[in-house]
Amino acid sequence: MYRFLILFLCLTFSAFSQTTKQVQAYFSDTKIKIDGVFDENIWQNTTKAKDFVMFRPGDGGPEPKNQKTEVKIAYTEKAIYFACTLYDSEIEKAPKQLLGRDQFGNADFFGVILNPSGDNINDFEFFVQITGNQGDAFVNPTSGEDFSWNAVWESAVTTHKDRWQIEYRIPYSALRFSNEGTQNWKINFHRQIRAKREQYSWSYIDRSKGEIGQYHGEIIGIKNIKPPLRLSLFPFTSAYYSEKNGDRESQLKLGLDLKYGISENFTLDMTIIPDFGQVGFDNTVLNLGPFEQIYNDQRPFFTEGTELFNKGNLLYSRRIGGDNIVSIDTEDLKEAEEFEENPSKSKVLNAFKITGRTKNGIGIGVLNAVTGNTYADIKNKKTGTKRKTLLNPLSLYNMVSIDKQLKNSSSITLLNTLVLREGHFKDAQVGSLWWYLNSNSRKYNLNGHLTRSFVNQAEDKIGWDGDIELVKLADEWKFNLGYDFSSKEYDINDFGYNFQTNIQSIYGSINYRILKPTKNFNSGSISYWYNVEALLKEQENPLDINHKRGIFTALNTGINANFTSKKFHSYGFGFNTTPFGNYDYFDTQLQGAYIRYKPFINTSFWVSPDYRKKLAIDFRGGYNEQLQMPFRNNGFNARIAPRWQPNDRWLIIPSFTYNRIYNDLGWVDKKTNTAGTPEVYFGKRHRTNITSTLNISYNINPKNTFNLNLRHYNSKADYYDNDFFLLQGNGALKKSDFDLEDTDPNINYTVYNFDLRYQWNFAPGSFLTLLYRNNITHSDKIASEDYLRSLNQVKWEELQHIFSINLVYYLDYQSIF
């Protein structure tokens, strides 16, 4: 009986525990050539990491016998090496689509996930595809995979009859680790077999709970290595030539980006005389709403290595070198004056960031940038006199983040942002506390933040914003429940962005996930969510100061679902509604006034076939309707996007999106009548948005790539019936004889962008980029024109043609000395 009990307990313990896998690394005192051929002595008797298990779509099953994976590890005084053998008896069927760096298409890949700090949280990922293409990312639980992080490392691939082989060299300068005699590095490996859409990992990962990092295995045997002096220089030169309306301009720029390892774990990144001339175009749209349009920053310096700063929209890096504080238009000029120069953006003089983490798990990040005085140059055509108008003063942008890691992948973070402007312009400061706390089982999480904003202007303004949320992370059933608020005075828009204030909400969701393949599905999820919104404080309505209506503003609720079939076709649907309507305090663009919208419904669905096929067509559609209004409001949208792969070098993705809204209600104007009372006007309009894009990539090899991006966008708002309404104090609308002579709200807005780029990665970390682009933006009041006639209205002769060449050369101290 006792023997049986002991045996039962042992089996039970084994079933509910996982032995941490280990792999030995061996020191090599001879050079290892990165050629994908394992002919060095070090590889002959090295222990293998093997016995991979399925990561998805299944859960923990063994890898196929004819597709085994083996990895060997060696290290020297300067780098760590990996020799990876990926067996495949049908390797001739393996897809080999060529794409650019950090792009994962239709090709097998292998990934080395390194955690040199041993904390199972901050990972470095290094991927190599069967084509030789590289990808890398920095990962932690709060920011996820950040592929904007780019390291300089080497790899080589060779293909054989029954296998393909990868050889890695990752220099220590690309990593962060402590200066200790014996290293405690964690590691995992991932392999994707694209022909079968299967992915395997060396150390088993339970996808139902916790973060992936907690399941890492260990490297043993790394001893007596030291963090190197990390000094990398990226000198660059750029040449530009532009032409518009016969005006020609050329420019030559020189600059330098620098990376310096201040200590074993901290890095200084600096850009001196920065040049951001080759960043891509924004996908600009016609913005008829009350809030500023937000676009992603495409400048590498402000996107790479910013995981310590990216919390709660406190950092919107486009504020650095963004719109000027003061704007001046032609109507602001005096008689006979004209602009010689009227820049729309301020100029970045320099910027640096310091990031790293101590041995005790304390992460520290400092971001600092300076923008210079920006002036409009104005000339009097009659007298020849000139004057300058200050549009933006000398400004300092600073952000500091201190992040302490706790057990169970928990963390607590302090952040502070500061914007200082020279002269009488306003300054701003924001302080914030964030927490991310996991239970011991990592099944539950409590997270949230508390933020204080301070703006120094004619009258100082202090505001508060906060959030607290309980989340169930594990198993098939998940849920979350939270509360957030933002005070009326809360303002972080000098460095970050937040638009809705004096608001609070209770929100939550329930989600069911398919974690293991079923008879019909490989994966899927369905969730129900809700969000109850209310004013934080009742506020006076300037349209009716005697009217009190309470603080409730809206209940938003809906269902979302997505599934992937056994044949890897994906599809999903969504439904959301405001069943009691909503009281909107922002569309009125008058503090305290609101408009009452009736109940709203929206439905959508999407279909995405298996991308392994040469031709796959994505489709998305939707329908929405405002159930009761002064007039019926409804609309639909559709998007079709074929993906065509003629061969492994080409990828062609055209897309067409159409969105039509009938009887849309839109803000028109705000006035003050003769009695001194404000008046807000809305109008009935038809809205049409059409977007056509064409993206083509041609890859000669992983180091020589061509990319073409073409986008044409047209948006119209047509108030064709001249139906206008005056907003009442109770949020209702009253028919109005609004005078179009004062304000014509009709608009026809067109954007055309063309971007053709060639890039040659001629040496590790070094690039030559040739770019041709042109663009035009056109706006008029002819909103009743159809699409083709609108296209003919564009003044194509105003196209701006830009040619540029950019050369960046990577210099590494370790390679030179």
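Things to note:
- Pairs from the table (Lys33/Lys223; Lys244/Lys379; Lys381/Lys781) lying more than 25 angstrom apart at Cα are Lys381/Lys781.
- Computed from the C-beta positions of Ser439 and Glu340, the FRET efficiency with R₀ = 60 Å rounds to 0.40.
- Largest-first ordering by accessible area, 1.4 Å probe, given options Val112, Val37: Val37, Val112
- log10 of Debye I(q)/I(0), alpha-carbon scatterers only, for the range 87-161 at 0.18, 0.22, 0.25 Å⁻¹: -0.76, -0.99, -1.15
- In loop segments of the range 324-388 as defined by DSSP, the trypsin sites (Lys or Arg not before Pro) with at most 16 further C-beta atoms inside 10 Å of their C-beta are Lys334, Lys347, Lys359, Lys381, Lys382.
- Angle between the chain longest axis and helix 2-15 axis [Cα atoms, degrees, rounded to 10]: 50 degrees
- Within straight-line reach of Lys472, meaning a Cα separation under 15 Å, sit the following aspartates and glutamates at least 8 residues removed in sequence or on another chain: Glu211.
- Cα shape, the range 87-245, gyration tensor, a/c 1.5 rule: oblate
- Distances between placed amide hydrogens fall under 5 Å for Lys347 paired with Gly372, all partners being 5 or more residues away or on another chain.
- Nitroxide proxy distance, nm - points 7 Å out along Cα→Cβ at Ile402 and Leu258: 2.7 nm
- Rolling a 1.4 Å probe across all protein chains gives Asp59 an accessible area of roughly 50 Å².
- Computed [θ] at 222 nm, deg cm²/dmol, the chain (DSSP H ≥ 4; -39,500 (n - 2.57); rounded to nearest 500): -1000 deg cm²/dmol
- Distance in nm between pseudo-label sites at Tyr528 and Ser766 (7 Å out along the Cβ direction from Cα): 6.2 nm
- Cα-based equivalent ellipsoid of the range 352-404: semi-axis lengths in Å, sorted from largest, via gyration tensor: 46, 7, 4
- In order along the range 278-291, the Karplus-derived 3J(HN,Hα) couplings, from 6.51 cos²θ - 1.76 cosθ + 1.60 at θ = phi - 60°, round to 9, 5, x, 5, 6, 7, 5, 9, 6, 9, 9, x, x, 10 Hz, and Gly and Pro are given as x.
- If R0 equals 45 Å, the separation of the Cβ atoms of Arg596 and Thr284 corresponds to a calculated FRET efficiency of about 0.90.
- The dipole here belongs to the chain: it is taken about the Cα centre, uses +1 on the Cβ of Lys and Arg and -1 on the Cβ of Asp and Glu, and is about 2620 debye.
- With the whole protein complex present, Ile262 retains an accessible surface near 80 Å², based on a 1.4 Å probe.
- The phi torsions of the range 761-775, fed into the Karplus equation with coefficients 6.51, -1.76 and 1.60 and a -60° offset, translate into couplings of 8, 7, 7, x, x, 10, 9, 10, 10, 10, 9, 10, 8, 9, 7 Hz, rounded to whole numbers, with Gly and Pro shown as x.
- Solution diffusion estimate, µm²/s, Stokes-Einstein, the range 129-199, Kirkwood Rh from C-alpha pairs, 10 °C, viscosity 1.306 mPa s: 106 µm²/s
- Among (i) 0.97; (ii) 1.11; (iii) 1.07, the entry derived from the coordinates for Rg/Rh (Cα atoms, Kirkwood Rh): (i)
- Cross-link partners of Lys614 among lysines (Cα-Cα below 23 Å; sequence separation of 8 or more within a chain): Lys93, Lys96, Lys196, Lys566, Lys567
- Distances between every pair of Cα atoms in the range 263-320, grouped in 5 Å steps from 0 to the bin holding the largest one, split as 3, 12, 21, 21, 19, 12, 5, 3, 2, 1, 0 percent.
- Cα-based shape type of the range 619-679, given that a ≥ b ≥ c are square roots of the gyration tensor eigenvalues and the cut on a/c is 1.5: oblate
- Options Phe754, Trp529, Val71, ranked by Cα towards positive dipole end of the chain, top entry (Cβ charges): Val71
- For Thr142, solvent-accessible area (1.4 Å; no DNA, RNA or ligand), Å²: 70 Å²
- With 5 Å bins from 0: P(r) over the range 427-579, alpha-carbon pairs, percent: 2, 8, 12, 13, 14, 14, 13, 9, 6, 4, 2, 1, 0, 0
- For Lys461, the aspartates and glutamates whose Cα comes closer than 20 Å to its Cα, not counting residues fewer than 8 places off in the same chain, are Glu422, Asp427, Glu489, Asp491, Asp494, Glu538, Glu540.
- With 0.36 nm allotted per residue and the present C-alpha distance subtracted, the Asp162-Glu331 stretch has 53.5 nm of extension available.
- Averaged over residues, the count of other Cβ atoms within 10 Å places the peptides 676-683, 483-490 in the sequence 483-490, 676-683, highest first.
- Here the simple spin-label model places points 7 Å from the Cα toward Cβ, and for Phe605 and Glu218 these points are separated by 5.3 nm.
- Orientation-averaged projection of the range 304-368 equals 6.5 nm² [convex hull of Cα atoms, one quarter of hull surface area].
- One way to sum up the overall shape of the range 630-760 is the equivalent ellipsoid from its Cα gyration tensor, whose semi-axes run 46, 16, 11 Å, largest first.
- Full-stretch length increase - Lys33, Asp377 - with 0.36 nm per residue and alpha-carbon distance subtracted: 118.0 nm
- Charge dipole (the chain, unit charges on Cβ, about Cα centre) - positive-most of Val680, Pro228, Thr501: Pro228
- Entries of Lys488/Lys548; Lys31/Lys353; Lys353/Lys404; Lys226/Lys703 with Cα pairs more than 29 Å apart: Lys31/Lys353; Lys226/Lys703
- Computed over the range 38-101, the alpha-carbon pair-distance distribution with 5 angstrom bins reads 4, 13, 17, 17, 20, 17, 9, 3, each value a whole percent.
The values are calculated or read from the model by the stated rules, or taken from the named source; none is laboratory data. Not measured: the values here are computed from a predicted model. Glycine gets a Cβ as well: all are built from the backbone with ideal geometry, and neighbour counts include every protein chain shown. Heavy atoms of the whole protein, side chains included, go into the accessibility calculation; ligands, DNA and RNA do not. Shrake-Rupley method; radii C 1.70, N 1.55, O 1.52, S 1.80 Å.
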